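Novice: Here it is, the structure, as structure tokens.
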């Protein structure tokens with residue numbers, strides 16, 4: 001099937017959904033009063049079901065996220081332990097604008113012994129030259145720089161892992177800056193349980209000068225870290241984020257490192273580890289500050305790639321959906337991953353449009369208003385709780401209004417098209433984000 005054919009099929013499928021919905025509504029307008037009354041009741045019941053799913057989704061995530069937060073930060077005392085050496089792997093491609101800030105943050109780590117291995121993935125800018133200037137000893141760390149032909153992030157990570165020396169491997173992005181205690185806090189969780197194969201850290205948005213980045217800052221806290229925190233309670237985190245993840249070398253070697261056949265190598269590796277029996281946990285105090293897209297087109301490209309990559313990873317392990325036992329937490333985690341990537345975006349977009357059109361055409365605008373108020377209150381509560389748990393700025397909470405009725409809907413549309421393109425196996429390339437070094 002050609003690329004053009006796949007694009008046409010994706011657009012036709014979306015067009016059929018829209019035309020079918022509009023045709024049904026116009027048919028209902030000219031139907032008998034009795035049928036219209038039945039339709040209104042059906043819409044009302046459907047609205048209640050949608051709200052029930054929404055509330056169940058939010059409150060289950062909030063509850064388990066709180067339990068994880070309490071377990072890790074309130075109820076459980078921490079012991080001082082010997083900290084083994086860590087290898088930090090930094091894949092870099094055309095990151096000249098910000099690579100030195102990343103190196104500076106790594107040189108300031110509060111950790112007794114670690115090495116930093118920078119892998120230049122065939123950059124065409126001055127990334128290699130800037131990174132090479134950091135080679136040598138800086139504080140407690142030894143910095144080394146490798147270079148190779150461009151082969152993608154997964155290949156660069158595997159190159160760095162193979163060249164590193166220590167039994168624990170920390171993988172990060174070249175556009176991220178770590179807080180000083182990140183390595184220490186991530187390692188603390190690794191040493192508590194030998195069955196933990198990876199520790200997922202907490203990614204925060206550093207550049208918050210625009211509306212688009214403020215919304216992403218709230219999304220990382222509420223939409224990404226809250227589910228990851230909830231998954232951490234059952235030790236079945238399904239994505240160790242690229243900017244901040246600590247791995248046990250033994251687990252990496254058993255898994256064969258990163259695969260190169262998806263656009264979400266972090267999700268793919270995590271699923272592979274959890275499916276093999278390794279625990280993957282979450283540490284909210286292992287913090288990386290990353291640069292979020294500042295242009296809407298860049299954001300679309302990023303989320304499109306994330307969604308396609310997640311779906312590719314799920315397709316590789318579709319057998320997990322049929323095995324709720326013996327590893328029930330893994331099964332729940334995989335179901336949640338598929339729900340968030342496929343089911344929820346379609347459900348949310350279609351429900352918003354359908355309920356809005358029906359309510360306005362049948363004079364139920366007041367019901368629609370109450371519905372939106374409920375959703376807004378729900379997002380405000382979720383934003384307040386999650387922002388408080390992360391001790392973030394409460395100034396992000398008011399952005400929950402735009403977050404619900406514009407930003408999330410916008411991203412869900414992107415996810416819908418990504419899912420359709422993946423369904424038709426539409427080809428795609430790796431779009432490099434433009435770095436602006438505003439952090």
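The values are calculated or read from the model by the stated rules, or taken from the named source; none is laboratory data. Because the structure is a prediction, the values reported are computed rather than measured. Positions of Cβ are generated from backbone atoms using ideal geometry, with glycine treated the same way; all protein chains shown enter the neighbour counts.
Novice: Of the residues 232, 201, 197, 242, which is at pLDDT 90 or above, farther than 20 Å from residue 302 by Cβ and surrounded by 20 or more Cβ atoms within 10 Å (Cβ to Cβ)?
Specialist: 197
Novice: Against the definition (out of contact with any strand residue (DSSP E or B) (no Cβ under 9 Å at 6 or more places or on another chain), over 27 Å from residue 411 (Cβ atoms) and either surrounded by 20 or more Cβ atoms within 10 Å (Cβ to Cβ) or touching a residue at least 60 places away in the same chain (Cβ under 8 Å) (or both)), how does residue 257 come out, yes or no?
Specialist: yes
Novice: Can you spot a residue in the range 195-215 that is farther than 30 Å from residue 404 by Cβ and in a loop (DSSP other than H, G, I, E, B)?
Specialist: Within the range 195-215 (the criterion being farther than 30 Å from residue 404 by Cβ and in a loop (DSSP other than H, G, I, E, B)), the answer is yes, since at least one residue qualifies.
Novice: If we only count strands (runs of 3 or more DSSP E) wholly inside the range 133-192, which ones have 3 or more residues that are touching a residue at least 60 places away in the same chain (Cβ under 8 Å) and in contact with a helix residue (DSSP H, G or I) (Cβ under 8 Å, 6 or more places away or on another chain)?
Specialist: Here the list reads 168-171, 176-178.
Novice: Out of curiosity, is residue 434 in contact with a helix residue (DSSP H, G or I) (Cβ under 7 Å, 6 or more places away or on another chain) and either modelled with pLDDT under 75 or not in a helix (DSSP H, G or I) (or both)? Steps first, please.
Specialist: Numbers: in contact with a helix residue (DSSP H, G or I) (Cβ under 7 Å, 6 or more places away or on another chain): yes; either modelled with pLDDT under 75 or not in a helix (DSSP H, G or I) (or both): yes.
Considered against the rule, which asks whether it is in contact with a helix residue (DSSP H, G or I) (Cβ under 7 Å, 6 or more places away or on another chain) and either modelled with pLDDT under 75 or not in a helix (DSSP H, G or I) (or both), residue 434 comes out as yes.
Novice: If residue 105 satisfies every condition in (1) in contact with a strand residue (DSSP E or B) (Cβ under 9 Å, 6 or more places away or on another chain); (2) farther than 17 Å from residue 241 by Cβ; (3) assigned to a helix (DSSP H, G or I) but one, which is the exception?
Specialist: For residue 105, the exception is condition (2).
Novice: Among the numbered criteria (1) farther than 18 Å from residue 237 by Cα; (2) modelled with pLDDT of 75 or more, which one does residue 329 miss?
Specialist: The failed condition is (1).
Novice: Just wondering, is there one or more residues in the range 206-224 that are assigned by TED's automatic domain parsing to the domain that holds residue 280, touching a residue at least 12 places away in the same chain (Cβ under 8 Å) and more than 24 Å from residue 382 (Cα to Cα)?
Specialist: Taking the range 206-224 and keeping what is assigned by TED's automatic domain parsing to the domain that holds residue 280, we get 206-224.
Add one more test, that the residue is touching a residue at least 12 places away in the same chain (Cβ under 8 Å), and what stays is 206-207, 209-224.
Add one more test, that the residue is more than 24 Å from residue 382 (Cα to Cα), and what stays is none.
Looking through the range 206-224, none of the residues is assigned by TED's automatic domain parsing to the domain that holds residue 280, touching a residue at least 12 places away in the same chain (Cβ under 8 Å) and more than 24 Å from residue 382 (Cα to Cα).
Novice: In the range 296-326, which residues are in contact with a helix residue (DSSP H, G or I) (Cβ under 8 Å, 6 or more places away or on another chain) and outside any helix (DSSP H, G or I)?
Specialist: 317, 323, 324, 325
Novice: In addition: Quick check: anything in the range 271-287 closer than 21 Å to residue 344 by Cα and touching a helix residue (DSSP H, G or I) at 6+ places or on another chain (Cβ under 9 Å)?
Specialist: The answer is yes; a qualifying residue exists.
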